[in-house]
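First comes the structure, then the notes that go with it.
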Ligand SMILES: [Cu+2]
């Protein structure tokens, strides 16, 4: 890597960390969204919506088991690392667009199981418990 590329990377990292820090502070206010408001069942498919910005919201969702389920992860001007989404149990890892909706098929969960999502650094997380 040449010096210019290296300094671009360094500057990007510094800006990135600053934004992550600021968004992390904002995330504290938005983390209180209640579970249950983010689930919709349409044509036999359960859709669970998670907002990704300065962390994931809601942090904990209780959803229905035994029904085909899709996770919708929404970003909206998200410049922090919550765009780097990892759902280890299904082998999912992707950098989401800064604004958009990512639909992830998570299959049909068994009762009593849960699914955990994190940012790639493990700093932010959310979980979905299936009843
Ligand atoms: Cu992170």
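The values are calculated or read from the model by the stated rules, or taken from the named source; none is laboratory data. Remember, predicted model here, so these are calculated numbers, not experimental data. Methodologically, a virtual Cβ is constructed for each residue, glycine included, from the backbone with ideal geometry; neighbour enumeration extends over all protein chains shown.
A few comments on the model shown:
- Every residue from segment 88-105 that is away from the ligand (no atom under 14 Å from the Cβ), at negative phi, part of a strand (DSSP E or B) and touching a residue at least 24 places away in the same chain (Cβ under 8 Å): 101, 102, 103, 104, 105
- Test: residue in segment 84-93 that is crowded, with 21+ Cβ neighbours inside 10 Å and either modelled with pLDDT of 95 or more or in contact with a helix residue (DSSP H, G or I) (Cβ under 8 Å, 6 or more places away or on another chain) (or both): yes
- Residue match in segment 28-35 (condition: within 14 Å of the ligand (Cβ to nearest atom) and either part of a loop (DSSP other than H, G, I, E, B) or touching a strand residue (DSSP E or B) at 6+ places or on another chain (Cβ under 7 Å) (or both)): no
- Neighbours by Cβ (under 7 Å, 6+ apart or cross-chain): first from segment 114-125, without any contact (Cβ under 8 Å) to a residue 60 or more places away in the chain; second near the ligand (Cβ under 6 Å from one of its atoms) and part of a loop (DSSP other than H, G, I, E, B): 118/124
- Considering segment 73-83, the residues that are more than 12 Å from residue 128 (Cβ to Cβ) and surrounded by 12 or more Cβ atoms within 10 Å (Cβ to Cβ) include one that is farthest from the ligand (Cβ to nearest atom), namely 74.
- Within segment 106-118, tally of residues that are buried (at least 20 other Cβ atoms within 10 Å of the Cβ) and assigned to a strand (DSSP E or B): 3
- Pick from segment 106-131, criterion touching a helix residue (DSSP H, G or I) at 6+ places or on another chain (Cβ under 8 Å) and within 16 Å of the ligand (Cβ to nearest atom), ranking: nearest to residue 61 (Cα to Cα): 116
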